[in-house]
1. Using label points projected 7 Å from each Cα along Cα→Cβ, tell me how many nm separate A:Ala2 and A:Leu14, to one decimal.
2. How big is the protein assembly as shown by Rg and Dmax over its Cα atoms, in Å?
3. First measure r as the distance between the Cβ atoms of B:Asp351 and B:Glu234, then evaluate 1/(1 + (r/R0)^6) with R0 = 35 Å and state the FRET efficiency to the nearest 0.05.
4. Along Cα→Cβ, 7 Å out, is where each label goes; now give me the distance between the ones at B:Ala329 and B:Ala501 in nm to one decimal.
5. Rounded to whole Hz and in sequence order, give me ³J(HN,Hα) for the range B:73-88 from the Karplus expression 6.51 cos²θ - 1.76 cosθ + 1.60, θ = phi - 60°, writing x for Gly and Pro.
6. Quick one: Karplus J couplings for the range A:17-30, per residue in order, coefficients 6.51, -1.76, 1.60, θ = phi - 60°, nearest Hz, x for Gly and Pro?
7. Kindly report the accessible area of chain B per residue (heavy atoms of protein chains, probe 1.4 Å, no ligands, DNA or RNA), in Å².
8. Considering every Cα-Cα pair within the range B:133-190, what fraction, in whole percent, is farther apart than 15 Å?
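The values are calculated or read from the model by the stated rules, or taken from the named source; none is laboratory data. In this text, all values refer to a predicted model and were calculated from it rather than measured experimentally. Here the Cβ positions follow ideal geometry from the backbone for every residue, glycine too, while neighbour counts run over all protein chains shown. Note: areas computed on protein heavy atoms with side chains; ligands, DNA, RNA excluded. Shrake-Rupley method; radii C 1.70, N 1.55, O 1.52, S 1.80 Å.
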Amino acid sequence: MALTRQDVAKVGLLARLALSGDDVDRMTGELSKIVGFVSQLEELDTNNVAPLAHPLDTQNVFRADEPKPSLTTAEALQSAPRHDGSCFLVPAVLGESGAA
Amino acid sequence: MSKQPATAASDPYITVIGLEVHVQLQTQTKLFCGCSTRFGSPPNTQVCPTCLGLPGSLPVMNRLAFDLAVRAALALNCKIAPFTKWDRKNYFYPDLPKGYQISQYDLPFSSDGHLEVIDPKGAFSRKVDIIRVHLEEDAGKSMHDEAAGTADTRIDLNRAGTPLCEIVSQPDLRSPQEARGWLNELKLLLVYLGVSDCNMQEGSLRVDANVNLHIPLPGEGGAEGRIAKTPIVEIKNMNSFRSVERALIYEAARQWEEWQATKVEMGKMPKQTRGWDDPAGITRPQRQKEESSDYRYFPEPDLVPVTVSDAEIATARAAMGDPPTVLRAALAEKWKISAYDADVLVNQGRDLVAWYEDLATRVGEGKVASNWMQQDVLRTLNERGGTIAEFPVTPEQVADIIGRVQKGDFDTSRGREIFAEVLTSGKAVADVVASMGIAAVSDDDLVALCQELLAANPKIVADVKGGKEQAAAGLIGQAKKKNPNANPGKVRQMCLDLIKALP
Ligand SMILES: [Zn+2]
C-alpha cells in the first residue's frame, strides 16, 4: 500500500510538524515502505481469529483508590522550558480547554 | 418513548435537544495514579510522573472509579458490556500533557440506557434514551489572563487524569425547560448514588448541548409536506442548569431567525460550535480546534481490558441503594403524602429525607410533618443556606412543638413563632414556651374567657343562635386580644357550645 504526499502532509499537520517539500517527498517513500511491510499481514487468513484488544492475555488490573505522595511543584516544573514557579508557561492559547 | 407536544403550540417549529454531560467521579485519587483529586489546591501540587505524561510512567486503573462508573450506568438503565477497553484520543493542547486523552471509543463499558423525567406539576414528562456512558480522564486547566496583557498561558495539571463519566443522550428532549428538568433529575440521581457531587461551580458536572429545529413545511400543489431541519449547533460554556435553559431558549430563537433569512438546512454546512456568554445572554461562534475531528483513536497499549461478569453486575446493583424515583414512590406510600410533597422532599437529597422521616416517626403523621418541613424547615433552610446536617433545630424539637399544637396548648401560628425563636435563640422548646409567656390555657380559664366574650357581644350571640355560626368568627379576634395564648379553635368551639346551651 502506497501513501500519497497528501497523506503525509496531513499526518504532519496533525503531529504539528513543519515539513518541507523535500521532507514530505522523503517520508512519503519511507513511510510507504513501513506500511507496506505491515500490510504483509493482510495475506493471512484471519476469518476464524477473534479480534485482539491487547497482546497480553491479562485482564482486570486495578489499584485501590488510595492516595500516594505527589511530586513537589518544583520537581514537577523542573524540566519545563518555562514556568513561573507554580504553573507551566506556554504561548497564549485561546478557545476551549477541558476534556472533549 | 413518551412523545408529547412540549414545544409551545404557538411555535412553528419543534426544538430538538441532545445533551452530553461530563461528571467527575467521587474518588480520592485520579483515574490512573495516586494523586489527590481535591479541588482548589495550589497549582501543580497534585501531579506525578503518570499524570504529567513523563516517559516511562504507566497508568493503572482506579477500582473505585470503575465501580462508580458502573453504578452510574446501572442507574441510567444501561447495558454493561461484558468486555471493555480504553483507547487513545489524540490531539495537541497544552493542558493535555501526554498528547492524547485515555478515553473509550468503540467498546464503551456501557450503552443503551434511559432516564425519565416527570415534572411534578405536570408540565412535561419525557423518557430520554442514553446512547452510551464511558469512563475517561480529564485534562488540566489553562489560564489566560487577557487583562494582564501577558503573552503567556499558565497551565495547572492538578485536574489532569481526574476520572470522568461521559453521558451522551439521544436528541430526545423537546424544550429548554425539559432539558433543565432532565439535568436536575440526572444530578439528583448521581448525587443520591454517591457517584459524583455534581458541583458545577467546581467543574464536577459540565454540560454541552446539541440543538436544532424541526420545521414542518406544507406541501405544494397537492404534494406531501416535509420536515426541514436546521443545522445542528453545539453549545458550550454553560455554568449552571439555568444557563443551559437560557442558552437553549436563545439558540432556538436565533436558529428560527436564521432559518427565515437563509433557509439553510442540516447537511448544507458543517456542525457549528457556539459558546454561551452568560452576562450578555447570547451564544457566539467559537473557533474550532484545527482538524479537531481527526482524533486517530487506537487501543491504549498501557491498559489491559476489563471484563465484567453477571454476578459482578448483580452485586453492583444490590449495593446501589434506591434511586430518587423509587424513593419518591416509597415515601408517598409510607407516609400518605402527595406525589408533589414526596418530590419536594426527595429533591432536597438523602439527608433531608432522613430528617423528614425522623420527624414523621416522632409526630406519627406524615402529612403534618411534611407541612412543617416545607413551610418552616425548608423555607428557613433556603433563606439561611447550608445543609440540613448544619440546621440548628432538631426533628425532636420540631416534633415537640407539633405535639403541643396537637394537644391544643397553642395554635399553629403560635407554634411557628416558637419554632423561629428556638431557631434564633438555640434554647429548648419548653424554655421558649415559658419565656414567651405561653402557658397552656386551662379549661376553667377558657370557659371564663368565653363567657366574658358572650356577655360583651349580645348581637353575635343572637346571630349564632339564629343559625349564622360563622358570626362566631368575630369573637376569636377579641379572644386573642384578651389572652394571646387562647387556642382559636378551642375558643370557637367553646363559644358555640355555650351559646347552644343558652335557653
Ligand atoms: Zn498523578
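1. Each label point lies 7 Å from its Cα, and together they span 2.2 nm.
2. Rg and Dmax of the protein assembly as shown, Cα atoms, are 32.9, 121 Å.
3. 0.45
4. Between B:Ala329 and B:Ala501, the label points sit 5.4 nm apart.
5. 5, 5, 5, 8, 6, 8, 7, 9, 6, x, 9, 9, 9, 10, 10, 8
6. 9, 8, 9, 7, x, 5, 4, 4, 4, 4, 6, 4, x, 5
7. Dividing the accessible area of chain B by its residue count gives 46 Å².
8. 69 percent
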